[in-house]
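Notes follow once the structure below has been shown.
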Amino acid sequence: MPPYSWIHLENVYWVLAGGAIFAAAIVLARATLAYTFSFRKKTDAEIEKSAYDFGDGVKEYNRPVPIFIWLVGIGYFIWAALYVVFSGIRGLG
């Protein structure tokens with residue numbers, strides 16, 4: 001058995017971590033009505049009152065921003081900052 005056979009185990013860990021993050025993102029995206037980021041909880045009556053009706057059953061509500069959107073935005077900026085630092089340290093780009 002070659003001594004470098006455990007190198008591929010790191011790839012398995014990356015795949016499992018990516019799958020776990022992807023699954024968590026799907027759960028947060030599906031639960032956007034339950035998990036939101038706001039300082040004041042709105043009642044269903046307030047949300048329904050602020051709805052704009054476009055006709056044919058299409059409505060636009062003024063709801064708080066889902067936490068999934070916050071996490072995607074914050075994650076993007078963290079990734080961008082780390083990418084710039086990593087590229088600067090390694091001399092890439």
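Counting just the residues of region 61-86 that are of a type in the set (Ser, Thr, Tyr) and assigned to a helix (DSSP H, G or I), which one comes out nearest to Ser50 (Cα to Cα)?
Our first condition is that a residue be of a type in the set (Ser, Thr, Tyr); within region 61-86, this holds for 61, 76, 83.
Retained after the next criterion (residues that are assigned to a helix (DSSP H, G or I)): 76, 83.
Numbers: Tyr76: 31, Tyr83: 41 Å.
That would be Tyr76.
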(message) Looking only at region 24-48, filter to residues that are under 14 Å from Val72 (Cα atoms) and at pLDDT 75 or above; which one of those is surrounded by the most Cβ atoms within 10 Å (Cβ to Cβ)?
(response) Leu28
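The values are calculated or read from the model by the stated rules, or taken from the named source; none is laboratory data. Because the structure is predicted, anything quoted here is derived from the model rather than measured. A quick note on method: Cβ atoms are made from the backbone with ideal geometry, for glycine too, and the neighbour counts reach across all protein chains shown.
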